[in-house]
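Just below is one structure, and these are the notes that go with it.
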Amino acid sequence: MVAPSSSTGPQVFINFRGELRNNFVTHLLDAFKRHGINSFIDSKEKPGVDLKELFERIKKSTVALAILSSKYTESHWCLDELVKIKECVDLHTLRVIPIFYNLKPETVKELDGDFGLHLWNLWKKKGRDDRILKWDAALQDVRGKAALILEEHSDEAAFVDMVATHVKNFLDEDKEENSKPQGKGEKIPKPEEVSNSKTKKKVSNSTFNSVKPGEQRLKQLEEKLAMDCDDKESRIIGVVGMAGIGKTYLAEALFEKLKKKVNSHVVIRFDSEKWKDHKLGWLQKKLAKGLLDNYSIGCGNGNPLEFWKDTLVKKKVVILFDNVSDKKQIKPLLGNCNWIKEGSRIIITTRDKSLLKELTCDLYHVPKLNDTESFELFRAQVCTTLEGNIMEMSRKFVDYAGGNPFALKEFGDDLCGKEEDHWKSRLEKLTQCSNSMVRDKLRICYDELNEKQKDAFLDIAYFFRSQEENYVRTLLDSFNPESAESGTELRDLTDKFLIDVCDGRVEMHDLFCTLAKELVETNGGTYWLFPSNCPEFTTALAKKEGRNKVRGIVLDMSEMEEKSLDNQAFVEMTSLQYLKVYSSTDPGGHNEAKCNLNLPDELEFPKDNILRYLHWVKFPRKELPSNLEPKNLIDLRLPYSNIATVWNCAKVAPKLRWVDLSHSSKLTSLLGLSKAPNLLRLNLEGCTSLKELPKEMKELKNLIFLNVRGCTSLVSLPAITIDSLKTLILSGCSNLQTFKVISKNLETLHLNGTAISRLPQAFSNLHKLILLNLKECKNLVALPDCLWKLKSLQELKLSGCAMIESFPHVKEKMENLQLVLLDGTSITEMPRNIINLSFLRHLSLSRNDKICSLEFDMGQMCHLKWLEVKYCKNLTSLLGLPPNLQCLNAYGCVSLRTVASPLAFLMPTNQIHYSTFIFTNCHKLEQVSKSSIISYVQKKSELMSDDRYNQDFVFKSLIGTCFPGCDVPAWFNHQAFGSVLKLEFPRDWNEGKLNGIALCCAVSFKDYKDQNNGLQVKCTSEFTNVSSSRESFTIGGWSEPGDEPHTIETDHIFVGYTTLFNSKKRQQFTAGTEVSLTFEVTNGTSGVEGCKVMKCGFTLVYEPEEAENLGGAISHAPLRTGSFAKGRGYLSWNRD
């Protein structure tokens, strides 16, 4: 079934990998409950069953959270959900918010690390071709959206609250939108209710203001300008933004407010065409005439502003320069402005913020309307009932307008009062043929560009939307990317608001993209765009006329029948710079279907070609045409091709920066690329026939990224040096037996899944290495003794290296190393000087049958937060533990007897994280060790109850532990049999510094099998005499990744501490006198069969009264005690 967190309200579907179920997702669900958000996650579905019900939940949701973690791509289940989410997003019925959980954006984008490897493993499985296409498209879609990013070791609690707040705000906006008259036959304002509905200009202004975004933006603008004209400083503000965004409306509204405070004011409106016939003198006269009462008294032919400066300087003025498109239009404001009195206000609206760079002024960027504002404005314009298909189409029009008020108004005007067929017709043509009024307004922006800027604008529209800024800049400036003028076109287009650079990517508004297509079709086709199964393709290539003007070609082969290309097809295309051949249904080329475009033996290109961008998925020939000279080529991508060698001989390619030959299974030689000295990135992933990398690669002096993942025939690396190389990926090169250091500047090195047995001593030279991944290197027998010399190393991953029996001595401090994964190794003990890893935060020794004890002094490792020793079957003791340990997982340590109590010491920090100590199935754990665990939890809860650490927490579950047992510890003052504990407090029970509560329960696991590999014990409290007092607390639990079910045969004790600090919640909590506590065992979403709560306990935790109590034993704990009766506790107040 699908488990909801509540039964009503907006819906949020959570798409995630199972290893997050009982930690991050559980905390997220708790946060959602606190915010009143109704959410859904899959609970009992099993792989292979019909997901119809689950998909229905997705369809009914308002928001979907796609939580991408390192193991996300292991699961076809997750990817199938993501495909359904994408389908709903495409229909505009759902919004998706990606969350990168401990994943860097570049890892997701480049499919690097385990995230990419797991996906590659799925792709290799047969019989999944159709699903692979959909998975790839869904991942591409979610990668292109703005994501919420949780970086490793960051504050997860704060992040969870931020996510909940973000989702809550969106749902509130959506609820507000849906509460307005719309859909279901509800009426919206009649045409006469929208003032001047037939007057183009007036409608734009009144409707823009009617939905209140105008008021909000005007207030922001006023704050920028400082409205008080009585001060002694003149101020200029530039109101900037794309065409149609509402600049003039805001400027006029501000002008109307300001002019009441001065005696002289004037508006100067510029028309781009008419300005060509005007001169500076015209502008000066217009200003003087508008500001002076007696302007007619002559000033001759000179500058009237200079002539009248003695009069003007006595007046505070307000001036509006509207629609500035030329620097000359604001020349009177440049230089010596001795005619402007102090306290004056000048407003300038422009689509080009670069014009204002020489002015001392503030800029106000007019923001786009958000989704709610856009829909409300559109609804006010269409003047018709929104329901059914009309509602669905409305959302698409609003989405396409992208928050532009002018476009929304024009779309609404065109659709107002029209039948559904008209709506459908307009929607079908929306991306091909824009509204005439919108087109004319945007066309002015294009016409003001110079020729280079126009070319760059069209290039981006056709080829570079959502691409990285540096990549686009390089392609656009290919003729001299190192010159001082490099990047000017990109910068100019950004300044003119024709494009936007967001999060390092170049974005273009849909309205401008449609304009670009119309311009190309109207002006003779410098770009040829052939959609799938286009009959004009071969005809166009056969035409002689206009071939020399073709700048770019995009060919979609998804539905193309088999065709042959003439060898002269490109020979006369002397202006061709971009050539892209792909399949829209298989953009990555994963499908095994061959390319349906047959090439002649020798396809000819112009002798002096200027081709800079060649993308050809599944290129059918064994090599590129010999006469294709790559002297201007920058980006070459031939994934899943039949290429055996790029060229027979090395060709000079001075500008080549990016090469992607991934999954070209016949590739055997790279000699053709050896004369590309500026190559930056080379992707050879999945080139399974490649046996060696040529020695000539040493000439690639600027190579920074080399990916040979999955090159299963590669045996060794050449004895070369490429000092520029920073990232080297050799993952899955299963026949690579030796590794040579080919760059001393490596920062990231992936050797996981290789056949190497040792690392060379030259490893000590990798002083810049940050990440070393050696997972699943089954033949690796030892690490080099020089490991301690890698001073920059942050992550060391050795999981699954079963032959490694010892960890090298750490002779000096390694202050940057934060993560060491040794799970699945055969290490017998850790060296005592491992304490030199003083800043280590995460250590994993799980699934190691040879380690018996940890004898090094972890008490000195103050930064160690995560210690994992799961399934160490022969581990008998943990003699010393880090003082600030946050998570200790000893799940399945069946021989563990002794656990030392760490010092309950908190590092100085403003952030407190959830702490958990798991001893599940540790059946031999001695009673004294259990007492130590309980003592530690108690002492730490006392420390955390100090309000110095709790200022930002509201009912936060901070500590949890579990271990075999059936008795609730005696220090829990109130106990009961069963799962319900009811308490009746006296009215003054909340005296003193109450800061938290401790909870405990004993759980029987008879006939229990953990099918979901995760479990959670929770407590729900509710005061019978306080409304809205229901709260849920997590006591403990675990999450174990993998498909193998786990069995727990004995009873277990769960203990947890929850803070109770936030003043509002605390006041509400302490106002009650009768409380009911209900304990339950869940898998994160619903109850678990085979589990039963046998006993439960509760106690209050107060702020420590004396310093010595911080380290005291249980008997000295400053707790208040009371008696309890069966099923009900009655407090009899005593102070220890």
Most exposed first by the Cβ proxy, i.e. fewest other Cβ within 10 Å, how do 413, 785 rank?
785, 413
For residue 648 and residue 392, extending 7 Å from Cα along the Cα-Cβ vector and measuring point to point gives, in nm, a value of 5.8
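Rank-order 626-637, 922-933 by packing density, defined as the average count of other C-beta atoms within 10 Å over each peptide's residues, highest first. If you can, show how the numbers build up before the last one.
Details: 626-637: 19.4, 922-933: 16.8.
Most protected by this proxy first, the peptides run 626-637, 922-933.
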Length added when fully stretched, residue 285-residue 584, from 0.36 nm per residue minus Cα-Cα:
101.8 nm
A chain fully extended from residue 341 to residue 523 at 0.36 nm per residue, minus the present Cα-Cα distance, gains in nm 60.5 nm
Provide the packing ranking of 830-842, 67-79, i.e. peptides ordered by the mean count of other C-beta atoms within 10 Å per residue, highest first.
67-79, 830-842
Measure off 7 Å from each Cα along the Cα-to-Cβ vector at residue 565 and residue 263, then give the distance between these two points in nanometres to one decimal.
7.6
With a point put 7 Å past each Cα toward its Cβ, work out how far residue 448 is from residue 470 in nm, to one decimal.
3.2
Among 472, 522, 502, whose Cα projects farthest towards the positive end of the dipole of the stretch 439-522, with charges put on the beta-carbon of Lys, Arg (+1) and Asp, Glu (-1)?
522
By the gyration tensor of its Cα atoms, with a ≥ b ≥ c the square roots of the eigenvalues, what is the shape of the stretch 51-115: rounded for a/c under 1.5, prolate for a/b over b/c, or oblate?
prolate
Ranking request for peptides 322-332, 15-25, 805-815: highest mean number of other beta-carbon atoms within 10 Å first, then the rest in descending order.
15-25, 322-332, 805-815
Go through 631/701; 259/314; 286/357; 145/368 and tell me which ones have a Cα-Cα distance over 22 Å in this structure.
286/357
Ranked on Cβ counts within 10 Å of their own Cβ, fewest leading, 573, 391 go 391, 573
Give 865/1006; 409/517; 84/517; 429/454 a once-over and call out the pairs whose C-alpha atoms are over 29 Å from each other.
865/1006; 84/517
Arranged by the count of other C-beta atoms within 10 angstrom, fewest first, what order do 350, 1078 take?
1078, 350
The alpha-carbon pair-distance distribution computed for the stretch 350-453, with 5 angstrom bins and whole-percent values, is 2, 11, 20, 19, 16, 11, 8, 6, 4, 2, 0
So residue 982 and residue 34, fully extended at 0.36 nm per residue minus their Cα-Cα distance, gain in nm 339.0 nm
Defining a contact as two alpha carbons under 8 Å apart and six or more residues distant in sequence, what relative contact order in percent does the stretch 439-522 show?
36
Signed unit charges on C-beta, dipole axis of the stretch 648-736, positive-most listed residue 650, 688, 714:
650
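Where a number appears in this text, it was derived from the coordinates with a stated rule and is not lab data. None of the values given here were measured: they were computed from a predicted structure. With ideal geometry, Cβ positions are generated from the backbone for all residues, glycine too; neighbour counts draw on all protein chains shown.
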